[in-house]
1. Considering region 182-218 alone, what residues qualify as being over 19 Å from residue 244 (Cα atoms) and among the acidic types (Asp, Glu)?
2. Out of all the residues in region 218-233, is one or more touching a Ser or Thr at 6+ places or on another chain (Cβ under 6 Å) and farther than 30 Å from residue 109 by Cα?
3. Looking only at region 106-161, how many residues end up being touching an Asp or Glu at 6+ places or on another chain (Cβ under 9 Å) and modelled with pLDDT under 90?
4. From the list 274, 285, exactly one residue is modelled with pLDDT under 90, part of a helix (DSSP H, G or I) and under 53 Å from the mean Cα position of the chain (by Cα). Which is it?
5. Among the residues of region 116-132 satisfying the criterion of being of a type outside the set (A, V, I, L, M) and not in a loop (DSSP other than H, G, I, E, B), which is farthest from residue 251 (Cα to Cα)?
6. How many residues does region 217-252 contain that are within 17 Å of the chain's Cα centre (by Cα) and surrounded by 12 or more Cβ atoms within 10 Å (Cβ to Cβ)?
7. Please return the ranges of strands (runs of 3 or more DSSP E) entirely within region 133-216 where 2 or more residues are surrounded by fewer than 16 Cβ atoms within 10 Å (Cβ to Cβ) and on the phi < 0 side of the Ramachandran plot.
8. Right, residue 263: of a type outside the set (Lys, Arg), within 28 Å of the chain's Cα centre (by Cα) and surrounded by fewer than 11 Cβ atoms within 10 Å (Cβ to Cβ) or not?
Amino acid sequence: MFKPETGVRILNHSHECNVTGSACVRCVMKRIAVAGLVLGALFISGCTSNESGAPTSAEAPGRDFLSAGDGSEKSAANPAGAPGEQDAGKAPNATAAPEGRALIYRGDMTIRVEEVEAAAVKVEALATSLKGHLASEKRSLGSQSAYASITIRVPSESYATAMQRLSKEIGREESRSSNTEDVTEAVVDLDTRIAAAKASVESVRRLFDRPGLPMNEIVLLEKELSSRQAELASLEAKKRRLSDLVAMSTITVNLAGPNTVLPEKPKERAPGFLGGLQAGWDAFLSVGAAIIYVVAYLLPFAAVILLLGFGLSRLLRLRRERVTTTASPPSTQD
């Protein structure tokens, strides 16, 4: 018999089983072979239909590009969009916190510049261009020791861009440091405490709706409500401060003139025994210098005390000699 849907010809079974109570081995083998042929045909037909319905490798990128350019939908393989679809104002290396994490970025950079005043203006303009602002500023202008310390705040997603632009556009970078602090647990804890504080305030407010409250209970409830509202306001203020630190990164820019002497970087100590020996020697020199300083500090006071003591002892000796001379009788001659 021939089945057109599978393309497999199945022979009718004409063998008679002589084994009573169980199928013969030949019948079982024929059935297994027929089932395998049917499953293979179905698998081949499924793969053929799948290949005919899917776009070719040359057509798929073109369709994804058109759908991305049209803006109506995005590819399931790249839901965030291609790298070229980023905003023009964001650099490719812009800092982005991992999803669900609250990170605080802080940076410090020392830059050598020709004119401190002009460089300070550039730093402020750079912060403004990144939608940030100037937080604080301290300048010391002079021909020999021109120096400025400027603190700017920029959006956290522009932190890396700001550090890169400061290094390239302001002057010659001397040193930098960067710090990232994860405050996700603190944010979650504050959210939980704020929700509990709000529920507590509402529960106290509902107590005022009871009829026939005596005056003493009303006074106690008002006191309790004020206390809980103050706690809630404190928690909300902490949350706003923390959210501001997460949203806006802080960068301190130290501008040094061409003749300004910068503090030397601390030397790295050798590990192991040599490092401990060096640390002990440095401590010994520090203690010796401290002792010398104390002795030099006390030396003028010691000199004055010695002079006063010498004068006092001399005066007492003269007085004793005078008393002795007055008390002794005059000598008589025989």
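1. First, pick out the residues of region 182-218 that are over 19 Å from residue 244 (Cα atoms): 195-218.
Of everything in region 182-218, those that are over 19 Å from residue 244 (Cα atoms) and among the acidic types (Asp, Glu) turn out to be 202, 209, 217.
2. Restricting attention to region 218-233, the residues satisfying the condition of being touching a Ser or Thr at 6+ places or on another chain (Cβ under 6 Å) are 228.
Now restrict to residues that are farther than 30 Å from residue 109 by Cα: 228.
Yes.
3. Residues in region 106-161 being touching an Asp or Glu at 6+ places or on another chain (Cβ under 9 Å) and modelled with pLDDT under 90: 3 in total.
4. 274
5. Residues of region 116-132 of a type outside the set (A, V, I, L, M): 117, 122, 124, 128-129, 131-132.
Of the ones still in play, those that are also not in a loop (DSSP other than H, G, I, E, B) are 117, 122, 124, 128-129.
Numbers: 117: 18, 122: 14, 124: 12, 128: 13, 129: 15 Å.
Going through the qualifying residues, I end up with 117.
6. Adding up the residues that qualify gives 11.
7. 133-140, 172-182
8. Here the answer is yes, as residue 263 does meet what is asked.
The values are calculated or read from the model by the stated rules, or taken from the named source; none is laboratory data. Being a predicted model, the structure only gives us computed values, none of them experimental. Virtual Cβ from ideal backbone geometry, glycine too; neighbours counted across all protein chains shown.
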